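Q: Below you will find the structure I want to go over with you.
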Amino acid sequence: MRLNQATQYAIWVTVHLVSRPGEQVSAGDLADLFGISQHHLAKVIRSLAFARLVTSTRGPGGGCQFIADPKRVTLFDIISLFEDNWSGDRPRAQKPDSPPTLAEVSRVLSEIDRITLATLRSITLQTIVNNTERRSIQHNVADSAAGNANGAARATNTVTDGDT
Amino acid sequence: MAAEQITIEPAKVEDIQSVIDLDEAITGSAKSEYWYNIYNRQSLQSNGIFLVARVDDAVAGYITGNIRTWEFGSPPAGWIHAIGVNDTYRKLGIGTLLFERIKAFFIESDTATIRTMLHIDDHLLMSFFRFQGLSAGPFIELDMTLPSNEMA
């Protein structure tokens with residue numbers, strides 16, 4: 001699935017702000033974090049602010065903050081702000097005398113669109129943040145278990161070496 | 001309302017009519033025989049579970065599921081077949097409480113996966129399950145409309 005640059009930036013920025021509830025994050029920090037120009041970022045933030053998803057204040061102590069309900073804002077909501085004529089459920093126009101195979105191709109493409117739309121409409125920004133935290137916890141648990149296993153193996157080897 | 005005022009417990013036969021009514025309010029379809037059969041199967045077998053959420057003795061929600069093994073080639077997985085919460089009691093976290101209890105049941109049964117299936121257009125329910133941590137699995141559902149017996 002291809003998204004334009006502004007859409008990608010918008011998704012990155014909003015997810016990051018949701019992961020920092022109540023914090024003002026400076027545009028400079030956002031630009032550095034994602035390796036994007038402040039000029040491009042400013043345009044994205046303006047659009048997000050117009051959509052009442054974020055606030056943006058200037059000056060010392062200023063920055064961006066997510067102000068909508070992250071449990072209600074979905075990836076589709078963000079994408080819709082930045083992609084022109086993007087819709088997963090728009091019927092494709094066909095001429096009356098089009099071959100029947102065209103209709104079947106259109107049906108298959110609509111199937112793909114329907115799955116894509118269902119996915120994007122069901123993933124909220126909060127879900128992305130929660131899943132990031134879940135994976136981090138699972139990763140730490142797995143690392144810890146691997147560390148314990150290695151420690152036990154070393155202890156066994158030490159005992160074995162001592163016995164010989 | 002505090003979480004401690006909501007109780008999650010195994011469904012009793014006297015709860016089933018409330019479940020039928022709640023399911024009908026959600027889906028538009030009253031399925032009396034279906035729900036009594038579900039109760040008989042899930043509640044009385046060790047690999048099944050049927051829970052209700054109570055608020056002041058009223059059934060505010062339900063969840064049911066069981067462990068299925070090697071269907072469609074899948075190793076044992078805990079399936080959630082149905083979940084419903086009364087509109088009156090929405091936004092109290094009842095859905096999450098029900099989900100966490102059934103998840104605990106599957107974990108206690110050494111099941112490594114939770115799975116469910118839902119209508120592709122039910123974005124709200126899909127969003128709920130994704131919020132709990134589920135994501136698209138390795139299976140895909142396919143179907144085909146059959147001609148009526150008279151036309152076949």
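The values are calculated or read from the model by the stated rules, or taken from the named source; none is laboratory data. Every value quoted in this text rests on a predicted model; they were computed, and no experiment measured them. No Cβ is skipped: glycine too gets one built from the backbone with ideal geometry, and neighbour counts run over all protein chains shown. Just so you know, the surface numbers come from the protein's heavy atoms only, side chains and all, with ligands and any DNA or RNA stripped out. Shrake-Rupley method; radii C 1.70, N 1.55, O 1.52, S 1.80 Å.
Q: Name the residues in the range B:1-22 that are in contact with a helix residue (DSSP H, G or I) (Cβ under 7 Å, 6 or more places away or on another chain), in a helix (DSSP H, G or I) and surrounded by 13 or more Cβ atoms within 10 Å (Cβ to Cβ), would you?
A: B:Ile16, B:Val19, B:Ile20 - these are the residues of the range B:1-22 that are in contact with a helix residue (DSSP H, G or I) (Cβ under 7 Å, 6 or more places away or on another chain), in a helix (DSSP H, G or I) and surrounded by 13 or more Cβ atoms within 10 Å (Cβ to Cβ).
Q: For the range A:103-122, which positions are acidic (Asp, Glu) and open to solvent by less than 50 Å² (accessible area, probe 1.4 Å)?
A: In the first step, residues of the range A:103-122 are kept if they are acidic (Asp, Glu); the result is A:104, A:111, A:113.
Passing the criteria: only A:Asp113.
Q: OK, next. Which one is surrounded by the fewest Cβ atoms within 10 Å (Cβ to Cβ), of the residues in the range B:57-70 that are without any contact (Cβ under 8 Å) to a residue 24 or more places away in the chain and not hydroxyl-bearing (Ser, Thr, Tyr)?
A: Of all residues in the range B:57-70, those without any contact (Cβ under 8 Å) to a residue 24 or more places away in the chain come to B:57, B:68-70.
With the extra rule that they be not hydroxyl-bearing (Ser, Thr, Tyr), the set shrinks to B:57, B:68, B:70.
Values: B:Asp57: 7, B:Arg68: 17, B:Trp70: 9.
The residue in question is B:Asp57.
Q: Please find, within the range A:41-84, the residue that is surrounded by the most Cβ atoms within 10 Å (Cβ to Cβ) out of those that are touching a Lys or Arg at 6+ places or on another chain (Cβ under 9 Å) and farther than 22 Å from A:Arg2 by Cα.
A: We begin by selecting, within the range A:41-84, every residue touching a Lys or Arg at 6+ places or on another chain (Cβ under 9 Å); these are A:56, A:65-68, A:74-77.
The next check asks that each one be farther than 22 Å from A:Arg2 by Cα; those that pass are A:56, A:65-68.
Numbers: A:Ser56: 15, A:Gln65: 16, A:Phe66: 24, A:Ile67: 13, A:Ala68: 16.
In this case the residue turns out to be A:Phe66.
Q: Here is a follow-up. Restricting attention to the range B:78-114, which residues are surrounded by 18 or more Cβ atoms within 10 Å (Cβ to Cβ) and within 27 Å of A:Glu111 (Cα to Cα)?
A: B:Trp79, B:Ile80, B:Ala82, B:Ile83, B:Ile114
Q: Of all the residues that make up the range A:116-135, how many are within 7 Å of chain B (Cβ to nearest Cβ), hydrophobic (A, V, I, L, M, F, W, C) and in a helix (DSSP H, G or I)?
A: Of the residues in the range A:116-135, 1 are within 7 Å of chain B (Cβ to nearest Cβ), hydrophobic (A, V, I, L, M, F, W, C) and in a helix (DSSP H, G or I).
Q: Look at B:Phe50 and say whether it is assigned to a helix (DSSP H, G or I), at pLDDT 90 or above and under 22 Å from B:Lys12 (Cβ atoms). Walk me through how you get there before you give the answer.
A: On the way: assigned to a helix (DSSP H, G or I): no; at pLDDT 90 or above: yes; under 22 Å from B:Lys12 (Cβ atoms): yes.
For B:Phe50, the condition - assigned to a helix (DSSP H, G or I), at pLDDT 90 or above and under 22 Å from B:Lys12 (Cβ atoms) - is not met.
Q: For the range A:136-148, does any single residue satisfy the condition of being within 12 Å of chain B (Cβ to nearest Cβ) and modelled with pLDDT of 75 or more?
A: Pass one, the range A:136-148, residues within 12 Å of chain B (Cβ to nearest Cβ): A:137-138.
From the residues that got through so far, the ones that are modelled with pLDDT of 75 or more too are A:137-138.
Yes - at least one qualifying residue is present in the range A:136-148.
Q: In the range A:21-40, what count of residues is obtained for those that are surrounded by 12 or more Cβ atoms within 10 Å (Cβ to Cβ), free of Cβ contacts under 8 Å to residues at least 40 places away in the same chain and assigned to a loop (DSSP other than H, G, I, E, B)?
A: Of the residues in that region, 2 qualify.
Q: Name every residue in the range B:75-109 that is in a helix (DSSP H, G or I) and among the aromatic types (Phe, Trp, Tyr), in order of residue number.
A: Of everything in the range B:75-109, those that are in a helix (DSSP H, G or I) and among the aromatic types (Phe, Trp, Tyr) turn out to be B:Tyr89, B:Phe99, B:Phe105, B:Phe106.
Q: If I go through the range B:95-152 residue by residue, how many of them are aromatic (Phe, Trp, Tyr), facing chain A (nearest Cβ under 9 Å) and over 14 Å from the mean Cα position of the chain (by Cα)?
A: Just the residues of the range B:95-152 that are aromatic (Phe, Trp, Tyr), to begin with: B:99, B:105-106, B:128-129, B:131, B:139.
This time we only want the ones that are facing chain A (nearest Cβ under 9 Å), so: B:128-129, B:131.
Next cut, over 14 Å from the mean Cα position of the chain (by Cα) only: B:131.
The total comes to 1.
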